[in-house]
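**Student:** Below you'll find the structure I mean.
What follows draws every value from the coordinates through simple rules; no lab data is involved. Computed from a predicted structure; not experimentally measured. Every residue, glycine among them, receives a Cβ derived from its backbone with ideal geometry; neighbour counts consider all protein chains shown.
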Amino acid sequence: MRLQGKVALVTGAGSGIGRGIAEAFVREGASVALADWSEPGGKESLAQIEAAHGTAILVLGDVSHAQDAQRMVDACIERFGRIDILVNNAGILRSGALHETDEQTWDLVLDVNLKSVYLLSHAALPHMLGQGKGRILNIASVAGLQGFEKLAAYCASKGAIVELTRNMAVDYSPLGINVNCIAPGLIATAMTAGILEQEASREAFVSQTPTHSVGQPEDIASAAVYLCSDESDFVTGEVLVIDGGLTVR
Ligand SMILES: NC(=O)c1ccc[n+]([C@@H]2O[C@H](COP(=O)([O-])OP(=O)(O)OC[C@H]3O[C@@H](n4cnc5c(N)ncnc54)[C@H](O)[C@@H]3O)[C@@H](O)[C@H]2O)c1
């Protein structure tokens, strides 16, 4: 029970990596506020956690809207009285080289993937600062570290998350709040179903990955548990790449 008694807010917890992180946190003894804009996905995550006798609440809303982000944090405080861990995981993928990306798509991707990190952290930090301890974990991507074809807005949003993580680590670690990020490679979720369903694109990724495999949400969740537990008190501003070796070549 590495997170016994902790309270976590996980965005995008209605699917994929966010659901995997929320479930792992509950297994390690945390109470979790699940935040998502998808009611069916959120309800399914909540039902799975409750079936395993975990403690969770569901807060529906859009992480890119300030009022919704504040409501997610408020609901967590109202139900559990504190917030020890914030996982900024919600994200969307839109493809296109820069000249193919219209302004609306650019704004949408930057708002959902990056502005949400600002909004949720802005709402959660006053509580963490009051507690004198906290953890923020941002989910970036290997697409924030290297150039990937036709992913202009997505790469920009994820690269910015990596740098924002470093800035926040410098500002908040002296105040007891460690801030880290995970950069996943290809993980099997709804976001990547289109890539993985096509034999050619799946094979292209797998053949370039030294482990010759596709990651699962649990691969990210186990690292998230470490980075949000007291075991990682001396770890901050770190970008933990979990990609089967895709980017080490
Ligand atoms: N799957 C991968 O290969 C991969 C690789 C690198 C990084 N990531 C990142 O991991 C995170 C999770 O991705 P995933 O693969 O689990 O995707 P997913 O599509 O399975 O899950 C994303 C969840 O976020 C929610 N969401 C999206 N926009 C939202 C919004 N505006 N407000 C509230 N909730 C919102 C969705 O409803 C969904 O439940 C994302 O930030 C993604 O960029 C994924």
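**Student:** Let me have the 222 nm mean residue ellipticity of the chain computed from DSSP H runs of 4+ only, each contributing -39500 (n - 2.57), with the sum over all residues rounded to the nearest 500.
**Tutor:** -14000 deg cm²/dmol
**Student:** Right, another one. Quick one: Karplus J couplings for region 25-39, per residue in order, coefficients 6.51, -1.76, 1.60, θ = phi - 60°, nearest Hz, x for Gly and Pro?
**Tutor:** Using θ = phi - 60°, the values come out as 4, 5, 4, 8, x, 7, 9, 10, 8, 8, 10, 6, 8, 9, 5 Hz.
**Student:** Fewest first, what order do Met191, Met1, Met128 take by the number of other Cβ atoms within 10 Å?
**Tutor:** Exposure proxy ranking, most exposed first: Met1, Met191, Met128.
**Student:** Also: Cα convex hull of the chain: mean projected area in nm², to one decimal? Don't skip to the answer; put the middle values down first.
**Tutor:** Details: hull surface 51.5 nm².
Reported value for the Cα convex hull: 12.9 nm².
**Student:** Where does region 162-231 land on Rg(C-alpha)/(2.2 N^0.38 Å)?
**Tutor:** Dividing the Cα radius of gyration by 2.2 N^0.38 Å gives 1.45.
**Student:** Counting every Cα pair in region 47-128, what percent are over 19 Å apart?
**Tutor:** On the way: 1582 of 3321 pairs.
Of all Cα-Cα distances in region 47-128, 48 percent exceed 19 Å.
**Student:** Nothing charged except the Cβ atoms of Lys and Arg (+1) and of Asp and Glu (-1): what's the magnitude of the dipole of region 30-100 about its Cα centre? Round to the nearest 20 debye.
**Tutor:** 120 debye
**Student:** List, in order, the whole-Hz ³J(HN,Hα) value for each residue of region 133-148 obtained from phi through the Karplus relation with A = 6.51, B = -1.76, C = 1.60 and θ = phi - 60°; use x for Gly and Pro.
**Tutor:** 7, x, 9, 10, 10, 9, 9, 9, 5, 4, 6, x, 10, 10, x, 10
**Student:** Hey, another quick one. Applying the Karplus parametrisation 6.51 cos²θ - 1.76 cosθ + 1.60 with θ = phi - 60° to the phi angles of region 8-13, what ³J(HN,Hα) value in whole Hz is obtained for each residue in order, glycine and proline being reported as x?
**Tutor:** Per-residue couplings from phi come out as 10, 10, 10, 8, x, 7 Hz.
**Student:** Something else about it: Over the Cα atoms of region 100-218, how large are the radius of gyration and the largest Cα-Cα distance (Dmax), in Å?
**Tutor:** 16.6, 52
**Student:** Stokes-Einstein D for region 4-53 at 37 °C, 0.692 mPa s, Kirkwood Rh over Cα pairs, in µm²/s?
**Tutor:** Taking Rh from Cα pairs, D becomes 317 µm²/s.
**Student:** Additional query: Mind jotting down the distance between the C-alpha centroids of region 5-19 and region 27-82, whole Å?
**Tutor:** 7 Å
**Student:** Counting only residues 5 or more places away or on other chains, whose amide H sits under 5 Å from the amide H of Val59 once H atoms are built in the peptide plane?
**Tutor:** Long-range HN contacts for Val59: Leu34, Ala35, Asp36.
**Student:** What is the chain's relative contact order, in percent, from Cα pairs under 8 angstrom and six or more apart in sequence?
**Tutor:** Once divided by the residue count of the chain, the mean separation gives 20 percent.
**Student:** Using only Cα positions of region 90-152, each an equal point scatterer, no hydration layer, compute I(q)/I(0) via Debye at q = 0.16, 0.18, 0.29 Å⁻¹ and quote the log10 values to two decimals.
**Tutor:** -0.63, -0.73, -1.27
**Student:** Sorted from fewest to most neighbouring beta carbons within 10 Å, what does the list Lys150, Lys115, Lys43 look like?
**Tutor:** Lys150, Lys43, Lys115
**Student:** So which aspartates and glutamates can Lys150 reach, going by Cα to Cα under 17 Å and dropping same-chain residues fewer than 8 places off?
**Tutor:** Glu100, Asp102, Glu103, Asp107
**Student:** Another question, if that's okay. Neighbour counts of other C-beta atoms within 10 Å: give me Tyr226, Tyr118, Tyr172 arranged from fewest to most.
**Tutor:** Ordered from fewest to most neighbouring Cβ atoms within 10 Å, Tyr226, Tyr118, Tyr172 come out as Tyr226, Tyr118, Tyr172.
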